[in-house]
Ligand SMILES: Cc1cc2nc3c(=O)[nH]c(=O)nc-3n(C[C@H](O)[C@H](O)[C@H](O)COP(=O)(O)OP(=O)(O)OC[C@H]3O[C@@H](n4cnc5c(N)ncnc54)[C@H](O)[C@@H]3O)c2cc1C
């Protein structure tokens, strides 16, 4: 039933301005943001977090996560940070963030211990899995995927946001919630100048918040709804939460921040109208790795190692192939496995059909050893994001019993659906903000962490880079003197916040967002050409001029959605500029050009960067190994941290 | 601003969340945790919140997870997203 219009239930504060001062401002209180705040506060900084939702349950893993990847320094790992980062880089043909993933492999375990110290659950302390092949009896850690090498840890991620929030608050961090950052403020209000604060708006009262900060860390994750929008159900347009619209991308682009790899968008894998609920249909990846699959007649689907040899036992699905040292989860990126790091996998659907298997397929936990069944349905599905209630509780309430039932599969592998080639998505390791060894962007005073960084993904990566960026931002803040806001810039940004309220008749954010996605599917779909991309840019510019200026809303909630949609429009333009700047196809970037037959010519084996120079788009480049020697550079930039850890 | 500020709902195609008004104690924990901020609290203390911007639901279930009263709030999977299961065959 449709609710009726009613008076707005919260006090309206459109005419009020709250001013806040701090050393380090963290934008976004998800996995990375909470850790950035803690890292900065531990270094003695006064820290403020702006969070659009409620921190305790916000972000991609606000409702949980079930595994912590790449904890190479945990006491059971047989792989070093160097080996693991090297594998991650090579599994993506070099198109990866060497700095951020080295931080992930080197410090991820430290962050997991921080979370445990704040009462996050990371061990099987009740001995529920004593004796299981994935358990280390001494540490009580449970591992996932490669049971020999033990660098991916199964966790009770439901407890993590609570723990992170508790820990940050204990360190004196101030959280300003239900408040969306809308613009970055710069020294003298100049384009490209040092960042000295941000503007924000409260989504319930409409109050304007102005923050003055010596350093700012962007932790608002990656953009969504650039190609995908479901009218009537925009909340499930994407795999990521609806309020994570990549606001930092748009805000920082407008002041001159540099991006890379945003030309990479893969054919969509997961979201509302084409796929079944994530982790909720029969599959054998991620949380469900390595579940037995069967066909319609109950015939077991063969598992193969990287050489195509059939695996005789369930246990072998969790072990490297003969002669292989270790395997990455799912062979790096599911679509383009790299032999050296490729893990076990089931026979492809095409091969199954050729061998007479009958559709549909099912995931059959009843055929798994008891401990594997319990750890998948209990620990993993009980703790993964978006699973505890929609899958575990609701299926159990409807009678699902993993020891008796098989769950239908609706697509190849974990995708649980079939998308069209022009339906693109930032999934896996998409592009984002370019970073240096302190996780600072090209703009002074502006840092980034988590999935806002280019080629970034995963909870452990977000926490590790968050803490790292937080402490480097604090160090930077301690070196700079007081900052003074440029009041005309504050006033101009404040006026933009409320413009949609003055627009009596106009366009709804739904309509504009849907139009952007249609436009992007047509001009920036599976195949790119300069002409198409330029036509797309013209069309987006017209939309910005003629339609975004007519966005209309009535209350603070509408204003939040409207400013998100403006950001989506800006990010779509960054994507088109990024695509235009890369003139040849690239397999690793899922980037195909019709006007250039070349795929991966050596001269394009580099990061292409784009930024708004203030007088047009500046295209730049960096070598794929711009980060240099990983351990040497890491140690040079983190002497204090290394010394402090070695003492504790 | 002279006009009263109004909340106007979006067209709702699905019913993502069902609140049982008899069980709900009006604690507003669901209102507090929802990422999409899709609920509006009841104007009177203790009243059940309204699912107002239902189209914005991400279906992650934090509202249900934080609710102190079993059954007071239910996450209602859309019909097109209902996954089928059946008895498995003997090994
Ligand atoms: C369903 C699901 C399950 C997952 N499971 C796992 C897993 O098991 N293991 C794993 O390693 N990874 C998992 N991931 C990925 C992992 O959750 C992300 O990589 C990680 O959360 C990224 O951290 P982040 O801080 O960059 O972004 P997020 O955690 O998404 O946080 C971003 C935050 O920014 C806030 N925000 C956005 N815009 C603004 C703004 N303008 N102003 C203020 N605040 C803003 C948001 O509200 C949010 O709190 C999963 C992802 C999903 C979606």
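Below are the figures for this structure:
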| quantity | calculated |
| --- | --- |
| Only one of A:229, A:259 that is more than 14 Å from chain B (Cβ to nearest Cβ) and away from the ligand (no atom under 13 Å from the Cβ) | A:259 |
| Among (1) within 16 Å of the ligand (Cβ to nearest atom); (2) within 14 Å of another protein chain (Cβ to nearest Cβ) - the single one residue A:568 does not satisfy | (2) |
| Residue A:442 being in a loop (DSSP other than H, G, I, E, B) and away from the ligand (no atom under 16 Å from the Cβ) | yes |
| Failed item in (1) within 16 Å of the ligand (Cβ to nearest atom); (2) touching a helix residue (DSSP H, G or I) at 6+ places or on another chain (Cβ under 8 Å); (3) not in a loop (DSSP other than H, G, I, E, B), with residue A:373 passing the rest | (1) |
| Boolean, residue A:11 is over 17 Å from residue A:468 (Cβ atoms) and either within 14 Å of chain B (Cβ to nearest Cβ) or crowded, with 24+ Cβ neighbours inside 10 Å (or both) | yes |
| Near pairs, Cβ below 6 angstrom, 6+ apart or cross-chain, from the stretch A:160-180 (within 20 Å of residue A:66 (Cα to Cα) and within 11 Å of another protein chain (Cβ to nearest Cβ)) to any residue that is at pLDDT 95 or above and within 9 Å of the ligand (Cβ to nearest atom) | A:161/A:62 |
| Positions within the stretch B:17-44 being within 16 Å of the ligand (Cβ to nearest atom) and at positive phi, in sequence order | B:37 |
| The one condition in (1) away from the ligand (no atom under 14 Å from the Cβ); (2) in contact (Cβ under 8 Å) with a residue 40 or more places away in the chain; (3) closer than 23 Å to residue B:77 by Cα; (4) surrounded by 18 or more Cβ atoms within 10 Å (Cβ to Cβ) that residue A:418 fails to fulfil | (4) |
| Any hit, the stretch B:30-41, residues being assigned to a helix (DSSP H, G or I), in contact with a helix residue (DSSP H, G or I) (Cβ under 9 Å, 6 or more places away or on another chain) and more than 8 Å from every other protein chain (Cβ to nearest Cβ) | yes |
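To keep it simple, each residue is scored yes or no on (1) under 20 Å from the mean Cα position of the chain (by Cα); (2) outside any loop (DSSP other than H, G, I, E, B); (3) touching a residue at least 60 places away in the same chain (Cβ under 8 Å).
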| residue | (1), (2), (3) |
| --- | --- |
| A:242 | yes, no, no |
| A:245 | yes, no, yes |
| A:256 | no, no, yes |
| A:263 | yes, no, yes |
| A:270 | yes, no, yes |
| A:283 | no, no, yes |
| A:287 | yes, yes, yes |
| A:291 | no, no, yes |
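The values are calculated or read from the model by the stated rules, or taken from the named source; none is laboratory data. Everything numeric here is computed off the predicted structure, so don't read it as measured data. Reconstructed Cβ throughout: ideal geometry from the backbone, glycine too, with neighbour counts over all protein chains shown.
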